[in-house]
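The values are calculated or read from the model by the stated rules, or taken from the named source; none is laboratory data. Fair warning: this is a prediction, and the values are worked out from it, not measured in the lab. Glycine also receives a Cβ, built like all others from the backbone with ideal geometry; neighbour counts cover every protein chain displayed. Note: accessible area is taken over every heavy atom of the protein model, side chains too, but ligands, DNA and RNA are not part of it. Shrake-Rupley method; radii C 1.70, N 1.55, O 1.52, S 1.80 Å.
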Amino acid sequence: MARVRWWGTGLVVLVLLILGLLLPLVDKALGSGETALAAGTVIAVGTERAGGVRPVTFTVPAAGWVLNEARSSLTNNAEVSRDEVMVNLNVVIPLGSLDNRKLWDGFGRIVSMGGARLLGGPSAVTTRHGTAGLTGGLAGHGKVGSATVFTRDDLGATITASGPPDAYRTLADQVRAMVLSVEIAP
């Protein structure tokens, strides 16, 4: 009769057990890559200028939103989310002259390449800081939302917000508050 050696199988089971218990603890210690944001948090995006100031800002209107660190690079974009609704602000540095209509038209082409679409013609919008822009609906991939563009001098910003229809409708006022808080420094 041959001897059966179980030490190899036992070692594999022990390694799997350690990994199964240890990896979730390491993942929890490292965090989810999200930072909870308090109501009134100002997020600044763009290449730092004199004094370490970034030129494009927006304000988070209520607690419950998180900054998605893995999907944000504060030199060019920031993404915040809550309950399956994502708001993404991107800084636009044009190669030539820039105005809201040109940015809107170009943005529409980019959005369509991703399988979404801008709905209807845009409407004029002005932030609390007096920055004029264009805004309209956004739909695609089973989600609804809004898209907004702003330009000032030699800098622009696009803001998209989308999520499942019910979740987006619930947070639409907070999304609008973020959009209306955008400021582009001269």
Candidate residues L180, L155: accessible-area rank, largest first, probe 1.4 Å: L180, L155
Relative contact order %, region 70-167, counting alpha carbon pairs below 8 Å whose residues are six or more apart: 31 percent
Net charge, D166 excluded, C-beta distance under 14 Å - Lys, Arg +1, Asp, Glu -1: +1
Between region 109-186 and region 38-63, the Cα center-to-center distance that results, in Å: 17 Å
Sequence of T170, T126 from largest to smallest accessible area, 1.4 Å probe: T170, T126
Gain in span if fully extended, R117 to A185, counting 0.36 nm per residue against the direct Cα distance: 21.5 nm
Gain in span if fully extended, K102 to T75, counting 0.36 nm per residue against the direct Cα distance: 7.4 nm
Tensor-based shape of region 85-186 (alpha-carbon gyration tensor, a/c under 1.5 rounded, otherwise prolate or oblate): oblate
Cβ-defined net charge surrounding A124, 13 Å radius [Lys, Arg +1; Asp, Glu -1]: 0
Extension reserve of the A124-L95 stretch, reckoned as 0.36 nm per residue once the Cα distance is removed: 8.0 nm
Heavy-atom accessible area ranking, 1.4 Å probe, most first, across M86, M178, M113: M113, M86, M178
Cβ charges +1 (Lys, Arg) and -1 (Asp, Glu), total dipole of region 34-184, debye: 300 debye
Region 169-186 - phi-based ³J(HN,Hα) in whole Hz, Karplus 6.51/-1.76/1.60, Gly and Pro as x: 4, 4, 9, 4, 5, 5, 4, 4, 4, 5, 4, 6, 8, 4, 9, 10, 5, x
